[in-house]
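Here is the structure we will look at, set down as structure tokens.
The values are calculated or read from the model by the stated rules, or taken from the named source; none is laboratory data. Computed from a predicted model, the values in this text were never measured in an experiment. Every residue, glycine as well, gets a Cβ built from its backbone with ideal geometry; the counts of neighbours run over all protein chains shown.
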Amino acid sequence: MNTKEYNTQLQTVLDSSRYATLIQNLGTQLNDRKDRFDKSDIIEQSIEIYTNGRLKWVDDIGRDHHDAETGYDLEFKYIADGLFTAKRKNPKKVVKVKLKNSLGEHKGTTIKDPADYYMIGQQDAIAIISWEEIKNFLIAVPDGIEAHIPFDELTFTFKPTDINVTKEVLVDYKQIKADAQRKLIESI
């Protein structure tokens, strides 16, 4: 199945408005160093929930989701305003995505056992690209491997103009997390 055909399937199962509403309501509260892993877990789990379980969150090395229907593995990359500019929502000419972190050691552009598809998200848009397509845009950087993808090479599941953020919910994730930690501590 090619990327456009696969994307058509994803468009029918992904609740893009719920995704965008979640991201908007999280805002910048999880951008601190200690909170970034929680942020990625929440966003990646939301993809499972907002596809009604079709894209199962596996949180594995080099793949974040497994498509229960097709068997494809997907790696999810979130970059705030990485696809479209923040204010005018103009497309970026080149979308830069870090695919692999080598922790300061330059190792070329080889990715062992890549995912079938790469899903790139921002606050109000998600695009996909297959491994066969993205491998042509790999760049070695001092601390890993990036893909510098021309915008027109991406297939969009949804764009900012396709969605409505349905409601604002005041979410204080840090307080929820602190309460859960305290409850655990006190239970022992």
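Going by the conditions given, is T70 modelled with pLDDT of 95 or more, of a type in the set (V, I, T) and assigned to a loop (DSSP other than H, G, I, E, B)? Quick ask: steps written out before the conclusion?
Working: modelled with pLDDT of 95 or more: yes; of a type in the set (V, I, T): yes; assigned to a loop (DSSP other than H, G, I, E, B): yes.
So T70 fits the description; yes.
Can you pull out every residue in region 7-39 that is outside any helix (DSSP H, G or I), among the hydrophobic types (A, V, I, L, M, F, W, C) and at pLDDT 95 or above? Before you say what the answer is, go through the steps one by one.
Applying the first criterion (outside any helix (DSSP H, G or I)) to region 7-39 yields 14-15, 27-32.
Those still in the list that are among the hydrophobic types (A, V, I, L, M, F, W, C) too: 14, 30.
L14 - this is the single residue of region 7-39 that is outside any helix (DSSP H, G or I), among the hydrophobic types (A, V, I, L, M, F, W, C) and at pLDDT 95 or above.
Filter region 120-163 for residues that are part of a loop (DSSP other than H, G, I, E, B) and either modelled with pLDDT of 95 or more or not charged (D, E, K, R) (or both) and give the result. Full working, then the answer.
Residues of region 120-163 part of a loop (DSSP other than H, G, I, E, B): 123-124, 142-143, 154, 159, 163.
Q123, D124, P142, L154, K159, I163 - these are the residues of region 120-163 that are part of a loop (DSSP other than H, G, I, E, B) and either modelled with pLDDT of 95 or more or not charged (D, E, K, R) (or both).
Given the conditions (1) farther than 22 Å from E5 by Cα; (2) acidic (D, E); (3) touching a residue at least 60 places away in the same chain (Cβ under 8 Å), which single one is not true for E133?
Result: E133 fails condition (1) only.
I'd like to know if region 75-91 contains one or more residues that are exposed (fewer than 14 other Cβ atoms within 10 Å of the Cβ) and basic (K, R). It would help to see each step written out before you state the result.
Taking region 75-91 and keeping what is exposed (fewer than 14 other Cβ atoms within 10 Å of the Cβ), we get 80, 85-88, 90.
Next, only the ones that are basic (K, R) stay: 87-88.
Yes - at least one qualifying residue is present in region 75-91.
Taking the condition of a type in the set (G, A, S), under 17 Å from the mean Cα position of the chain (by Cα) and more than 19 Å from E146 (Cα to Cα), does A20 pass?
Details: of a type in the set (G, A, S): yes; under 17 Å from the mean Cα position of the chain (by Cα): yes; more than 19 Å from E146 (Cα to Cα): yes.
Answer is yes for this residue.
Scan region 155-182 for residues that are without any contact (Cβ under 8 Å) to a residue 40 or more places away in the chain and either over 23 Å from D41 (Cβ atoms) or among the small types (G, A, S) (or both) and jot them down. Spell out how you get there, then give the answer.
Going through region 155-182, the residues without any contact (Cβ under 8 Å) to a residue 40 or more places away in the chain turn out to be 175-176, 178-182.
Hits for region 155-182 are A178, A180.
Hey, can you tell me all the residues within region 113-157 that are among the hydrophobic types (A, V, I, L, M, F, W, C) and surrounded by fewer than 21 Cβ atoms within 10 Å (Cβ to Cβ)?
The answer is W131, F137, L138, I139, A140, V141, I145, F151, F156.
Please state which one of A127, A140, A147 is more than 17 Å from the chain's Cα centre (by Cα) and of a type in the set (A, V, I, L, M).
Details: A127 fails: more than 17 Å from the chain's Cα centre (by Cα); A147 fails: more than 17 Å from the chain's Cα centre (by Cα).
The unique qualifying residue is A140.
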